[in-house]
Amino acid sequence: MNIDLTRFRQPCACGHTHEITAKTVLIESGAIQKLPQVVKECGLEGKKPCIVCDENTYEAAGKQVCQVLPNHNLVVLKAEGLHPNEDAINGINAGYQDSDYVLSVGSGTLNDLGKYVANEHKVPTLSVATAASMDGFVSTVAAMTLNNFKVTKICPAPIAVVADTDIFSKAPYRLTASGIGDIIGKYTALSDWRISHEVWGEYLCENIFDIEYSAVVKVAENIDNIRAGKKEAYEDLMYALVLSGLAMQMMGNSRPASGSEHHLSHFWELNILNKNHNGLHGEMVGVGLACVTKVYKDFMAKTTDPAAIIHPYRGMDHESLKKVLGFMYEDAIKESTPDDMLNVTPEKVIAAWPKIQEIIGKMPSHEEILDMLHRAGAPSTMEEVGVDSKLLPDYLKYSPFIRGRITLVRLIDLMFS
Ligand SMILES: [Zn+2]
Ligand SMILES: [Zn+2]
């Protein structure tokens, strides 16, 4: 399927014309053979790419890419121990030479490296996706490890994504299961977005919400087909992942794709209270989703009279934030400034209560989420991804500060306890 991007650029019923920088998204069998056409559509015909692979993605797809774009510079990084760090950047720069653009062949790490290096050279980047593992293909940040610190750098997104079904459907299955986790995590992300919209009027575009929600439901309904290796189901997953990135471009932030489940996964990935997490991003998101779904469903079930227990927001507890977040404290405060919570009053929450009930009621139950993760072959418990479930109350309390946005986790912590 060649995704028609014009419909995303049209003036929207919400009153905005949403901007997207992606020019082409192609997801189909044999897509790599059409790369020369995609390059042309991007205005890069006759220009020389720096093709960036690791040993595995070179074997899986890089070889074919080199054949269809014969005039290129090629970098094949060592797969073992590959991280988006200075070593990898230097490795790419050593082979960059007279390139005009960067073409990364891979998923998370290689896509991030491609964005980062292209941004350093001020040239465009294109992405050949070799696994349906995460939704960052067209995101405008690169998750890097620089000076041994995990940082996210703002970088222009790839202007094209080419995903060849014959290749990404044969990726190691763990990567695909991780992609499923990243997508079904949108159940809480979208619920949090709508709740924030209801309690203080955070901007929500119904169009973007619907596009994202339908893609999530389609993946949830097709988990067994993905597991069975059906190509069409794989394409739906890849489409949902790319679409999620497009939704972020359209909103100008990660709101449609990231809620309390991502706050937990980011918190774990930063190793703030734990040392040895061992999950892939989408795996952490899936586990975060399972945790948060239980919290949301239980909270709504037991809260029969919210007015009796709600209190006004009392502001941030800087002392404990400083103590727990440590090196992340300054960034967390920046994220939470201005503090959206200051717009939320008990009256507004009570008035929105029936809507909140409806939103959480529509979400799959905790058991259904666990069943989806099990069927997907993805982890569902904190222990499986190397984080300590005894610390869950702390994770829930502090993870929302990793991003500034309002979620139901944040409301429960700051107004109901
Ligand atoms: Zn809109
Ligand atoms: Zn994600």
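Some notes on this structure:
- Calculated mean residue ellipticity, 222 nm, the chain: -15000 deg cm²/dmol, from DSSP H runs (n ≥ 4) at -39500 (n - 2.57) each, averaged per residue and rounded to 500.
- Burial order of peptide ranges 258-264, 376-382, 310-316, 82-88 (average beta-carbon count within 10 Å, highest first): 258-264, 376-382, 82-88, 310-316
- Cross-link check: pairs Lys153/Lys322; Lys63/Lys231; Lys47/Lys150; Lys230/Lys294; Lys34/Lys230 evaluated at a Cα-Cα cut-off of 25 Å; pairs beyond the cut-off: Lys47/Lys150; Lys230/Lys294.
- The chain, dipole about Cα centre (Lys/Arg Cβ +1, Asp/Glu Cβ -1), debye to the nearest 20: 280 debye
- Multiplying each eigenvalue of the alpha-carbon gyration tensor of the range 169-298 by 5 and taking the square root yields semi-axes of 23, 20, 13 Å, largest first, rounded to whole angstroms.
- For the peptides 104-117, 354-367, 202-215, the ranking by mean Cβ contacts within 10 Å, running from highest to lowest, is 104-117, 202-215, 354-367.
- Using R0 = 51 Å, the C-beta based FRET efficiency linking Lys355 and Asn148 works out to 0.70.
- The order of Thr188, Thr6, Thr21, going from fewest to most other C-beta atoms within 10 Å of their C-beta, is Thr6, Thr21, Thr188.
- 19 Å reach of a label modelled at Asp224, 7 Å along Cα-to-Cβ, counting backbone N of the range 373-391: 373-378
- Value in Å of the Kirkwood radius, where the chain supplies the Cα pairs that are averaged: 21.9 Å
- Unit charges on C-beta of K, R, D, E only; dipole of the range 260-417, Debye: 220 debye
- Spin-label model distance (nm) - Asn278 vs Asn343, 7 Å beyond Cα toward Cβ: 4.3 nm
The numbers here are math on the coordinates, done by the rules we state, and not lab data. Since we're looking at a predicted model, the values are computed, not measured. Here the Cβ is made from the backbone with ideal geometry for all residues, glycine too, and neighbour counts use every protein chain on show.
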